[in-house]
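Notes follow the structure.
The values are calculated or read from the model by the stated rules, or taken from the named source; none is laboratory data. Being a predicted model, the structure only gives us computed values, none of them experimental. No Cβ is skipped: glycine too gets one built from the backbone with ideal geometry, and neighbour counts run over all protein chains shown. Keep in mind that these areas ignore ligands, DNA and RNA; they rest on the heavy atoms of the full protein, side chains included. Shrake-Rupley method; radii C 1.70, N 1.55, O 1.52, S 1.80 Å.
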Amino acid sequence: MKYRLMLACCLLVLVACGDREAEQRAAAAAQAAAQESAAAALASEYDNAVTAQNWDLARVHGAALISQYPESQAVAKMKAGYEDVKAKGEAARETRRMQALWNYAQVAAGKGTQRSAMIYSKDPVDLGGSGAKPVQLVFRDHPQWKRSAYLVLQASDFRCPGGCKVKVIADGAAPKSMDAWRPDTDEAIAMFITDYKSLWKLVGKTQVVSIEFPVKDGGTRTAVFETGGLDAPQMPGWD
C-alpha cells in the first residue's frame, strides 16, 4: 500500500513537472512570436522610410531594430542594405545641420526689398584683446546699393587703408586672392569683398570656405565657414 502511494506521488510530480515545462515552452514561444511581430512592425516602418527616401528616419528605425531585436528575422533581412541606408541618413542629417547654419532675411528698403543670406564662422576668432568672437559673412541684395558681400566683426577692426586683399580657400583648394575694402564709417565693423560674384559661386558649390583678412591689431586672422547648406533660391538672380 505504501509503495503504491509513493508511486502515485511520483507520477503526480512528474506530471506537474511536465506541465510546468510545457507551460515554459509555450510562454517562451509566445514571447518569441511577440518579439518577431514587434520586429516586423518596426521593419515595416523602416521599409516605408526607405521607400520614401527619408534616409534619416530609416536610419533611426534600422538602429532601433538592431538594438531591440538583434536575433529577429527582420534584422537578418534588413542588414544587407542597412549600411548604405545608414550612410545616406547620416549625410541627410549633416545636410540639415549645415542648412540650419544659414539665416535669411527680407526687409523693406526704399522702394523695394533687401534680401540677405548670412552665416557665422564655425569657430570664434581671436581678434586681439577682446576675446574670441564669431565673424559673420553676409551676402546682400539692396534695391539702392545693389549686390555685395562683406565680413562683419563684433569687436576690433579690419586693417584695410585704401583697399586690401583677402585670401579665400574653398574645400582646401589653392588660395584665391580677392580685393576688399572697408567703408569710411564707424557705424559698423564691415569689410566688403569686391568680387562678390566669384565669392557667391564659390560658396554655392563648396562645403567649407575660409577667409583670411588683415586686422587692425596687426597680422591676419582666418574665419572658417561651413557653407554647404546654402539655399541659393533665397537670393533670386544671384546664380
Residue satisfying condition, being farther than 24 Å from residue 103 by Cβ, of a type in the set (D, E, K, R) and in contact (Cβ under 8 Å) with a residue 40 or more places away in the chain, within set 179, 184, 231, 217 = 217
When the residues of region 33-56 are filtered to those that are hydrophobic (A, V, I, L, M, F, W, C) and open to solvent by 50 Å² or more (accessible area, probe 1.4 Å), which remaining residue is modelled with the lowest pLDDT?
-> 33
Output the number of residues of region 185-211 satisfying the condition of being over 20 Å from residue 131 (Cβ atoms) and open to solvent by 40 Å² or more (accessible area, probe 1.4 Å).
-> 13
Got at least one residue in region 151-163 being touching an Asp or Glu at 6+ places or on another chain (Cβ under 8 Å), open to solvent by less than 70 Å² (accessible area, probe 1.4 Å) and of a type outside the set (S, T, N, Q)?
-> yes
Out of the residues in region 72-101 that are outside any helix (DSSP H, G or I) and of a type in the set (Gly, Ala, Ser), state the one that is most open to solvent (accessible area, probe 1.4 Å).
-> 100
Does any residue of region 104-114 turn out to be open to solvent by 50 Å² or more (accessible area, probe 1.4 Å), assigned to a helix (DSSP H, G or I) and touching a residue at least 40 places away in the same chain (Cβ under 8 Å)?
-> no
